[in-house]
Amino acid sequence: MFKKIRWKLSLWYAGLLAVILIILGVALYQALEHSLMAEAIRTTVTRAQQISALIDAPEIGDTVNGQGTFVDITDPDLVNKFSSEGIYIEISDQGGKVVNRSFFLEKHRLSDSRLLSILKSSAPGTLEIRGFTDLGRIVVYAMPLSRNGQNLGTVKVVRSLTLMDRALDRLQLLLWFLSGGGLILAIGVGAALAKAALSPIDHITRTARQIRAEGLNRRLNLSGPDDEVTRLANAFDEMLDRLETAFQRERQFTADVSHELRTPLTVIKGTAEVALRGKDPQECTEALTTVDGEVDRMTNIINALLTLARADAGQQQLETERVNLQDLVEDVLATFSSLAAEKGISLDAEAGAPAEVHGDRERLRQLLHNLVTNAIKYTQRGGTITISLGKDGDWAKITVVDTGIGIPENDLPHIFERFYRVDRARSRAKGGAGLGLSIVKWIAQAHGGRIDVESEVGKGSTFTVWLPCTD
Ligand SMILES: Nc1ncnc2c1ncn2[C@@H]1O[C@H](COP(=O)(O)OP(=O)(O)O)[C@@H](O)[C@H]1O
Ligand SMILES: [Mg+2]
């Protein structure tokens, strides 16, 4: 149970709250005790002072012949007037003999012999606090009595702190009770709040458990305020979107590969069967030529797939060296000039700024090779293909422009995808499997560059490759 976050959270809060409550309770208790004690001491001392002042002054209204009548220290009314519940007064003469004592004391439990001995020992001008387990705490204050500068004896005031201590005890109990209740409430409410806040996480967990590769279409679709949990759920949904797309692409890819390889196999099988039945050596040669062509096609597809698979796995190493792009373009031009001429297409190179890159010569040749093959494939007789070299800041730029059939806008974002062809039949008829541009894109990226395409149907296409320059 304590492995649950919500319990951990609420226990932490409760712990914190307990510390705060304890500090507050102790501070409150001490402040109250302090002020009550101060008050008790003050009243004790004040009583003594009042008695002392009364003794020292003539009673008002009792003056005869300008001579005042003085209060008698042995007058029982004197002590009874100043005694009250919990307050006890004793007056002794100069010799220490008790001459007056609260009547209250006689029947009060404070008339304990221990108390009497404290009273006896307390010297004038002293304040003492004593505690007894049965009697509770008391304050004793002793003060000298004098009249006209002549010492008369001592007045001692005793104050019981039992009532105050009882109030403090009650406060302590109340504090414990309130803190305990508060803590239990805090744990409960905290756990409930945490549960409410964390319940979407349980939902996420359950959904995540239900998701299999075949059922990637499930989503959390958590709505609510934009908080941490909602953001987590949204991130989770976005991840599922990406995974679903990736899985779909993977599945599509497998289907494409199978289809692409099955077609030449069907042709080979059919041709072989016909050739086996026939007797004509001429027919046999034709059949073998067809088989040879289909095998070439399969080999090309498999080679391309192998290249891409290795690239995906990061195993395709580039053998880098300084490559002069001008030389490369001339090379490619030489390779394709006869093919272009045969198809009635003019293939030219436009001289630009000489550019050198640090790269894999064979891969870069393959890149240009694929682009020019496409240009020748998708350009009609009489069209033009121009390869130009340029520099833009730190980038070398190779552009292959054709005046061919162009690519519809809808297809443009996809042509670099594996097996993607605008016109499957047409591409296949021209020997393509839709992998050429995927390889071109990989080569450009592996060199730290990129490829852009612009195209307009019926007008032609422009492929631009950007590669980082060495210098
Ligand atoms: N220069 C171009 N002009 C028109 N369409 C092109 C051109 N280059 C590529 N494409 C389109 O992009 C698709 C993908 O090209 P690519 O990956 O080389 O495959 P493939 O050449 O095997 O068909 C082609 O099928 C074609 O529809
Ligand atoms: Mg191609």
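The values are calculated or read from the model by the stated rules, or taken from the named source; none is laboratory data. A quick note: this is a predicted structure, and the numbers were derived from the prediction, not measured. Heads up, the Cβs are rebuilt from the backbone with ideal geometry, glycines too, and the neighbour counts pull from every protein chain shown. These area figures cover heavy atoms from the full protein model, side chains too; ligands, DNA and RNA do not enter into them. Shrake-Rupley method; radii C 1.70, N 1.55, O 1.52, S 1.80 Å.
Here are the numbers for the structure shown:
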{"read-out": "Segment 82-102: number of residues that are surrounded by 14 or more Cβ atoms within 10 Å (Cβ to Cβ) and either of a type in the set (A, V, I, L, M, F, W, C) or outside any strand (DSSP E or B) (or both)", "value": "9"}
{"read-out": "Those residues of segment 286-313 which are among the aliphatic types (A, V, I, L, M) and open to solvent by 40 Å² or more (accessible area, probe 1.4 Å), in sequence order", "value": "Leu288, Val295, Ile302, Leu306, Ala309, Ala313"}
{"read-out": "Test: residue in segment 166-179 that is open to solvent by less than 20 Å² (accessible area, probe 1.4 Å) and either in contact with a Pro (Cβ under 7 Å, 6 or more places away or on another chain) or modelled with pLDDT of 85 or more (or both)", "value": "yes"}
{"read-out": "Qualifying residue in segment 364-373 (condition: hydroxyl-bearing (Ser, Thr, Tyr), within 12 Å of ligand 1 (Cβ to nearest atom), out of contact with any helix residue (DSSP H, G or I) (no Cβ under 8 Å at 6 or more places or on another chain) and under 30 Å from Gln316 (Cα atoms))", "value": "no"}
{"read-out": "Of all residues making up segment 425-470, the number that are part of a strand (DSSP E or B) and either farther than 18 Å from Thr320 by Cβ or away from ligand 2 (no atom under 15 Å from the Cβ) (or both)", "value": "16"}
{"read-out": "Count of segment 454-463 residues which are touching a Leu at 6+ places or on another chain (Cβ under 7 Å) and closer than 15 Å to Leu368 by Cβ", "value": "1"}
{"read-out": "Checklist (1) near ligand 1 (Cβ under 8 Å from one of its atoms); (2) open to solvent by 60 Å² or more (accessible area, probe 1.4 Å); (3) of a type in the set (S, T, N, Q) applied to Gln445, failing item", "value": "(1)"}
{"read-out": "Pairs with Cβ under 6 Å, 6+ apart, first in segment 368-385 and assigned by TED's automatic domain parsing to the domain that holds Gly436 and in contact (Cβ under 8 Å) with a residue 40 or more places away in the chain, second near ligand 2 (Cβ under 10 Å from one of its atoms) and of a type in the set (Val, Ile, Thr)", "value": "Asn370/Val440"}
